[in-house]
Amino acid sequence: MDKLTDDVPGCYYNRTVQFFYEHSGKNISAHWRPRDYVVVSLGMGVSVIVILANILVMVAIFINRRFHFPIYYLLGNLAAADLFSGIAYLHLMFHTGPWTIKLSKNQWFVRQTLIDSSLTASVLNLLAIALERHQTIFTMQLHSKMTNRRVVLLIALIWGLAIFMGLVPTMGWHCLCDLENCSTMAPMYKRSYLVFWAVLNLFTFSLMVAAYTRIFVYVRHKSQRMSQHTSQIRHKETVFNLMKTVSMILGCFVICWTPGLVLLMLDGLGCESCQVLRYEKYCLVLAECNSLVNPIIYSFRDTDMLQTFKRILCCLCRRGDAGRKDTLSGMRCNTLDSVTTM
């Protein structure tokens, strides 16, 4: 993207990031203000917590045999997407505010690609979870019979598509050669791309909400016709609890990301009276908080997950103790011993 001269008439390859920001009306202060320090400090703090919390979820799913099923592998991949989101947001904090005008165009596109890819990975994970739940719930099963190989292929497909979607603007859907159609929130993206991206994600949200609504109606109707046998009651409760957990995850995702996507769509449509820059940072913080919400949901909704979290944290505390030589592998053996006595 960064070139020394305008080798194509009408293109602005040799202009700085600051040029595009000033043209779009998104002016950047050259000096650090108290507000900038607060935003960056809070952003870094939230990002570190998001990263650590989602690593905890991934480790819990890895070491506990009760979680070695397709639905939990997909939830673990969702945690990986949230972890990626935390890393992307942390990277953003080191390349925002007055630092922005020092970025090259390539660095700016990398910053945006990380954010876009993390959201796409989360959306695709939630869609895969919805399909997995649709497959299992309509047969009143707890876990899918999907093989580990298919799960791995599905996860690889999710990340491949996420990375591709994040790279689309750098492949040509930018406004370096179409200055009049540059967006305000992302000054080197075309407005049409923002509309496409926002509409696509909002449409996907609607499909997932409709799917879960249909599943809930079916499960409620089916459970009323089940006998009162103890094993069937426990199975029904387990299915409902897992459904509630993944539905809460979906609900929080929609709540946290929808305002930002709507704002992007309004910017893409050229709504000058919407004052998108006024609400941009609030929507970004709300979106990032979603990556912190999921581990909290796991803790309150899944007793096994909470117990595994406690074992991991206890192990880490013991490792920090002078004179103690407990290791994570030792904790893993204890955990596996406990979960095999189901």
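The values are calculated or read from the model by the stated rules, or taken from the named source; none is laboratory data. Keep in mind that what you see is a predicted model, and the values were worked out from it rather than measured. Note that we place each Cβ from the backbone using ideal geometry, even for glycine, and neighbour counts take in every protein chain shown. All accessible areas refer to the heavy atoms of the entire protein, side chains included, with ligands and DNA or RNA removed. Shrake-Rupley method; radii C 1.70, N 1.55, O 1.52, S 1.80 Å.
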note = For the range 180-211 the number of residues that are in a helix (DSSP H, G or I), over 12 Å from residue 264 (Cβ atoms) and in contact with a Cys (Cβ under 9 Å, 6 or more places away or on another chain) is 1
inquiry  = If I ask for residues that are open to solvent by 30 Å² or more (accessible area, probe 1.4 Å) and at pLDDT below 90, which ones from the range 82-105 would you list?
reply    = 94, 95, 99, 101, 102, 104
